[in-house]
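Take a look at the structure set out below.
The values are calculated or read from the model by the stated rules, or taken from the named source; none is laboratory data. These numbers come from a predicted model, not from an experiment. Every residue, glycine as well, gets a Cβ built from its backbone with ideal geometry; the counts of neighbours run over all protein chains shown.
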Amino acid sequence: MLERIFRILLISSSKNFSLGISNALMHESYEIEMIDSIAKAKRKVLECDFDIIMINSPVIDDFGLDFAIEEAITNVSGILMFVKPELEAEIYYKTYQYGILTLTKPSTKTILLQSLRLLGSTIAKREQIYNKPKNINERLEEIKIINTAKLLLIEHMNLTEDEAHKYLEKKAMDFRQSKIKIAKNIIDEYYKK
């Protein structure tokens, strides 16, 4: 079985902190993108999906708490906030119900890796729940939506059924979204025209 590579967005205005995280995760299964502000992070999460968002709080333009909660509510991403020891309990009580992990800084490589593995397990379970149909009627509805999207691709892009199927699968992989979500987007796109 292939090991999954988790995509991490690291938000930190400290170059030393970013370098330390990068070095700690160098030989692990993580692909890290580093930025230095919450404003940039807000734009970045609109462009692509990340499995894990790490925030070294505070960042130059914000503490990061509201952004962390918003991302935890609206996305499947796991969130890890690094805070000063004197703030850890306060931040924990504001964020635990959203599934946000808090770590004090400085932290050890062992604790960092354990936390990331915990987030990885949580993400995998959450993805199973989101991607698993609840009953046969739901599954039939999903098949209907996917087939409608395929028909639209065949009609508007002159694809074969097999090409339309592969197109949906590739888009789902590229955007790290389910086929059903991609199919709904295609349907919305063609019915708006």
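Yes/no matrix, rows are residues, columns are (1) on the phi > 0 side of the Ramachandran plot; (2) touching a Lys or Arg at 6+ places or on another chain (Cβ under 6 Å); (3) among the basic types (Lys, Arg):
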| position | (1), (2), (3) |
| --- | --- |
| Ala89 | no, no, no |
| Thr95 | no, no, no |
| Thr104 | no, no, no |
| Leu116 | no, no, no |
| Ile123 | no, no, no |
| Lys150 | no, no, yes |
| Asn158 | yes, no, no |
| Glu163 | no, no, no |
| Arg176 | yes, no, yes |
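Out of Ile123, Ile111, Ile129, one residue alone is modelled with pLDDT of 90 or more and assigned to a helix (DSSP H, G or I). It is Ile111. Glu141: farther than 26 Å from Ile5 by Cα, part of a helix (DSSP H, G or I) and outside the structural domain of Val59 (by TED's automatic domain parsing), yes or no? Yes. Of all the residues in the range 39-95, those that are small (Gly, Ala, Ser) and touching a residue at least 40 places away in the same chain (Cβ under 8 Å) number 3.
Checked against the criteria, Gly64 counts as out of contact with any Lys or Arg (no Cβ under 7 Å at 6 or more places or on another chain) and at positive phi.
So for the range 62-73 (the condition being closer than 30 Å to Lys171 by Cα and of a type in the set (D, E, K, R)), does at least one residue qualify? Don't jump to the end; show me each part of the working.
Here is the first cut: in the range 62-73, the ones closer than 30 Å to Lys171 by Cα are 67-73.
If we keep only those that are of a type in the set (D, E, K, R) too, we end up with 70-71.
Checked the range 62-73: at least one residue is closer than 30 Å to Lys171 by Cα and of a type in the set (D, E, K, R).
Scanning the range 15-28 turns up no residue that is within 18 Å of the chain's Cα centre (by Cα) and polar (S, T, N, Q). Of all positions in the range 154-169, none carries a residue that is closer than 26 Å to Leu80 by Cα, basic (Lys, Arg) and not assigned by TED's automatic domain parsing to the domain that holds Asn75.
Annotation for the range 173-190: no member residue is within 17 Å of Ala72 (Cα to Cα) and surrounded by fewer than 11 Cβ atoms within 10 Å (Cβ to Cβ). None of Leu65, Leu80, Leu87 is aliphatic (A, V, I, L, M), touching a strand residue (DSSP E or B) at 6+ places or on another chain (Cβ under 6 Å) and within 25 Å of Ala39 (Cβ to Cβ) except Leu80.
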